[in-house]
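Please treat every number below as a calculation from the coordinates, not as lab data. Values in this document were obtained by computation on a predicted structure and should not be read as measured data. Positions of Cβ are backbone-derived with ideal geometry, glycine not excepted, and every protein chain shown enters the neighbour counts.
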Amino acid sequence: MLYPRHRWKHRCVTVTNGTAMSKRKLTKRQKARIQSGQDNANALAATPDTRPIDAASLGPEISGRVISNFGSQLDIEGLEGIHNASLHRCHKRANVDTLVAGDHVVWRTGEPYGVVVARKPRTSELVRPDIYGKIRPVAANVDCIAVVFACAPTPYSNLIDRYLVAAEAQGITPILVANKIDQLTHQNTPKVERLMANYAKIGYTVIPVSAETGAGIDALQTHLREHTCIFVGQSGVGKSSLINHLQPEAKTAVAALSSRRDKGVHTTTASRLYHLQSGGVLIDSPGIREFSLCHLEADRVIEGFIDFHPYLGHCKFRDCKHLNEPECALLKAVDKQEILRDRLNNYHQIVSSQD
Ligand SMILES: Nc1nc2c(ncn2[C@@H]2O[C@H](COP(=O)(O)OP(=O)(O)OP(=O)(O)O)[C@@H](O)[C@H]2O)c(=O)[nH]1
Ligand SMILES: [Mg+2]
Ligand SMILES: [Zn+2]
């Protein structure tokens, strides 16, 4: 069961500058090298190295891509010459802006650490506020956001809508991945199926999957093939588990992670980029408990509800809040069942939580 998204072609990410990124195919061996390099690099704790960088020992400037940012250190994938598809632990020059998974950079090799000297312009970025309300980028240069939710416990549409609004606000195509379908029972199936059908009707692609049984993984793979996609969603919905299914070499990382989960720690702590063997690039991101949209004005929030678009600007009052005003186009559309009451309620909830 794969719900098509009709608007796919029209809603690809807005290109903010003219840098075309070359499409590069990696051999299986190169991918395996990157993966094993990632595992080794992760084994090294991300402890800051305070030794000064000896500029004379650094290699020439070459292109690369950020695989993961651990704070004081980064994993950079070489994109040129003998360093193509190999992984290097790097620092970054202090004058280089914040780097996130997916960023294209200019860097220089070095022992034991290379150094990133510049960040190339981003074609897109996914941002979210941190716990202090400061806007932070999560990933760069993605053209698809996969909002992952679990079918059990029964998902809340409010949180899904928050992710969808965030994606729409960045101009990045969202899809929905409904994981843990193996946990569907007679009791929760009708509610979850209705939820999936509602989003499909709005025009979103919905892919039901199970990281446990592998159901639906083929459909997901097919969808991800041509994209640079990021998995977002609450902690515990199974983002990393799905990546392990899609990318078998990532398995070791997950085994080690589940023991940490018992201690109440979020499993994934830093976004990380994977080259999928089946094609496409996928970024795993850490789950979050609260997903604030406080960085968006009410206008931007309402535009993120794409099913409201035909009705916006048609209310009697220009400053209509769509609560109980007469001749409100959105309320009328709810009455006529052209838009879902839940969606309008979720909009109000998001806006009121921003006051
Ligand atoms: N039954 C079932 N359990 C699953 C499935 N996918 C993941 N799980 C379990 O759900 C738990 C959380 O999975 P993770 O992959 O760590 O979740 P996550 O979304 O990456 O979590 P964070 O990294 O904290 O954001 C693990 O115990 C998985 O074994 C699934 O399809 N079915
Ligand atoms: Mg995870
Ligand atoms: Zn109105």
Report summary line: Here the Cα Rg-to-2.2 N^0.38 Å ratio for region 75-196 is 1.42
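Given all pairs of different Cα atoms, what value in angstroms does the Kirkwood hydrodynamic radius of region 113-263 take? Intermediate results must be reported in sequence, preceding the final value.
Values: mean 1/r = 0.0597 Å⁻¹.
The answer is 16.8 Å.
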Report task. Using only the alpha-carbon atoms of region 44-119, report the extent along each of the three principal axes, biggest first, to the nearest angstrom. Result -> 29, 27, 25
Report summary line: Computed D for region 137-217, Stokes-Einstein, Kirkwood radius over alpha-carbon pairs, 20 °C, 1.002 mPa s, to the nearest µm² per second, is 162 µm²/s
Report summary line: Cα-based Debye curve of region 298-353 sampled at q = 0.20, 0.21, 0.23 Å⁻¹ gives log₁₀ I(q)/I(0) of -0.66, -0.73, -0.90
**Report entry** Residue pairs, from the table Lys92/Lys120; Lys191/Lys316; Lys201/Lys336, whose Cα atoms sit over 24 Å apart
**Finding:** Lys191/Lys316
Requested in this report: Whole Å is fine, so just give me how far the alpha carbon centre of region 288-355 lies from that of region 93-165.
Outcome: 27 Å
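All other residues with a Cβ under 13 Å from the Cβ of Gly102 taken together, and with Lys, Arg as +1 and Asp, Glu as -1, what is their net charge?
Numbers: positive: Arg65, Arg119, Lys120, Arg122, Arg272; negative: Asp75, Glu77, Asp103, Glu125, Asp143, Asp284.
Neighbour charge sum, excluding Gly102 itself: -1.
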Report task. For Lys180, go through the aspartates and glutamates and keep the ones whose alpha-carbon is under 12 Å away, minus same-chain ones fewer than eight residues off. Result -> Glu212
Report summary line: For region 53-194, the charge dipole (Cβ of Lys, Arg +1; Cβ of Asp, Glu -1; about the Cα centre) points to a positive end, and the Cα of Gly64, Val165, Ile181 closest to that extreme belongs to Val165
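Which FRET efficiency, nearest 0.05, do Ile131 and Asp299 yield, Cβ-Cβ r, R0 22 Å?
On the way: r = 25 Å, r/R0 = 1.16.
E between Ile131 and Asp299, to the nearest 0.05, is 0.30.
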**Report entry** Unit charges on C-beta of K, R, D, E only; dipole of region 169-248, Debye
**Finding:** 220 debye
